[in-house]
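Undergrad: The structure's right below; bear with me while I get my questions together.
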Amino acid sequence: MSVEHFDEMSCPICMKANHCGVADPAGCWCMQEVLPAELVDLVPVGSKGQACICAACVAAFAANEGLFKR
């Protein structure tokens, strides 16, 4: 998948809402997570560090990495 622009409120993998809370004083849920490098590697270069991977993609990857093979 190639993404030329990103939406910080959308997951860069599935493009659904990522429910990012980085602007929340309590922080984002993802700041408490250790994301697998293999999953982060799937984020398009232009979106790396710009938008959170959603919890659904993190959970799906943990359950079955094979779903995310390129």
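Undergrad: Identify, please: which residue in segment 13-70 is of a type in the set (V, I, T) and assigned to a helix (DSSP H, G or I) and is, among those, modelled with the lowest pLDDT?
TA: V45
Undergrad: Further question on the same structure: Please tell me if L67 is among the aliphatic types (A, V, I, L, M) and surrounded by 14 or more Cβ atoms within 10 Å (Cβ to Cβ).
TA: no
Undergrad: So which residues in segment 37-54 are surrounded by 17 or more Cβ atoms within 10 Å (Cβ to Cβ) and of a type in the set (S, T, N, Q), if there are any at all?
TA: S47
The values are calculated or read from the model by the stated rules, or taken from the named source; none is laboratory data. Remember, it's a predicted structure, so these values are computed and weren't measured experimentally. Here the Cβ is made from the backbone with ideal geometry for all residues, glycine too, and neighbour counts use every protein chain on show.
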